[in-house]
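Asker: Shown below is the structure under consideration.
The values are calculated or read from the model by the stated rules, or taken from the named source; none is laboratory data. Only a predicted model underlies this, so the values are computations on that prediction, with no experimental measurement involved. FYI the Cβ positions are ideal-geometry reconstructions off the backbone, even for glycines, and counts take in every protein chain you see.
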């Protein structure tokens, strides 16, 4: 059975919005996080992490002191691990759904995140995540798993996609022991 639903698409197409709508529907049983842009004077300066239980942290910023870099952004691996990754490891036993935004280059700097993603995908609980569209060895390995359904987000399907994912997740959850 496919437990893992991954969405992919070009930047700005609405992947995070789709995941937020799914997260709101399952707020009582879901654990996870999403990312949001940090803008200063209308210019994107970085990315914040927001967990589904209300914690916030910094994933990357142009002015951050970090050796890890994606484009102009410096990735704060320790903050990411503390705010988003370690709490999800602790939820492995009691969450009924995991939501991750996103599985991508910045997040791959965290070895703990890589371990977490494979633990979650191997776990018999559904994962709904966004994943980078561009080729990357780890992302490609994840997308090729037989327990993954990859869905492309486009302007033509993004409005109906949350409801589609909610229906699929509800079917999966009905088949799982409580």
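Asker: Determine which member of the set 140, 163 is at pLDDT 95 or above and closer than 17 Å to residue 102 by Cα.
Answerer: Details: 163 fails: closer than 17 Å to residue 102 by Cα.
Being at pLDDT 95 or above and closer than 17 Å to residue 102 by Cα holds for just one of 140, 163, which is 140.
Asker: Considering (1) within 14 Å of residue 104 (Cα to Cα); (2) modelled with pLDDT under 95, say which one residue 54 fails and leave the rest.
Answerer: (1)
Asker: Look at residue 63 and say whether it is in a loop (DSSP other than H, G, I, E, B), touching a strand residue (DSSP E or B) at 6+ places or on another chain (Cβ under 8 Å) and surrounded by fewer than 22 Cβ atoms within 10 Å (Cβ to Cβ).
Answerer: On the way: in a loop (DSSP other than H, G, I, E, B): yes; touching a strand residue (DSSP E or B) at 6+ places or on another chain (Cβ under 8 Å): yes; surrounded by fewer than 22 Cβ atoms within 10 Å (Cβ to Cβ): yes.
In short, yes.
Asker: Further question: Residue by residue through segment 66-83, note down the ones that are out of contact with any strand residue (DSSP E or B) (no Cβ under 6 Å at 6 or more places or on another chain) and within 15 Å of residue 101 (Cα to Cα).
Answerer: Passing the criteria: only 81.
Asker: Condition check: modelled with pLDDT of 95 or more and more than 14 Å from the chain's Cα centre (by Cα). Does residue 26 satisfy that? Can you show your working first?
Answerer: Details: modelled with pLDDT of 95 or more: yes; more than 14 Å from the chain's Cα centre (by Cα): yes.
Yes.
Asker: Going residue by residue through segment 39-46, is there one that turns out to be under 17 Å from the mean Cα position of the chain (by Cα), part of a strand (DSSP E or B), without any contact (Cβ under 8 Å) to a residue 12 or more places away in the chain and more than 19 Å from residue 138 (Cα to Cα)?
Answerer: Within segment 39-46 (the criterion being under 17 Å from the mean Cα position of the chain (by Cα), part of a strand (DSSP E or B), without any contact (Cβ under 8 Å) to a residue 12 or more places away in the chain and more than 19 Å from residue 138 (Cα to Cα)), the answer is no, since none of the residues qualifies.
Asker: Out of everything in segment 1-31 that is assigned to a strand (DSSP E or B) and in contact with a helix residue (DSSP H, G or I) (Cβ under 7 Å, 6 or more places away or on another chain), what residue ends up being surrounded by the fewest Cβ atoms within 10 Å (Cβ to Cβ)? Please lay out each step first, then the result.
Answerer: Pass one, segment 1-31, residues assigned to a strand (DSSP E or B): 4-8, 30-31.
Adding the requirement that they be in contact with a helix residue (DSSP H, G or I) (Cβ under 7 Å, 6 or more places away or on another chain) leaves 4-7, 30-31.
Numbers: 4: 24, 5: 19, 6: 21, 7: 26, 30: 21, 31: 23.
Selected residue: 5.
Asker: Could you check how many residues of segment 66-96 are surrounded by fewer than 20 Cβ atoms within 10 Å (Cβ to Cβ), in a helix (DSSP H, G or I) and touching a helix residue (DSSP H, G or I) at 6+ places or on another chain (Cβ under 9 Å)?
Answerer: 3
Asker: Among (1) touching a helix residue (DSSP H, G or I) at 6+ places or on another chain (Cβ under 9 Å); (2) in contact (Cβ under 8 Å) with a residue 24 or more places away in the chain, which single condition is residue 163 missing?
Answerer: (2)
Asker: Are any residues in segment 159-178 assigned to a helix (DSSP H, G or I) and either within 20 Å of residue 10 (Cα to Cα) or over 17 Å from the mean Cα position of the chain (by Cα) (or both), and if so, which ones?
Answerer: Correct list: 161, 162, 163, 164, 165, 167, 168, 170, 171, 172, 173, 174.
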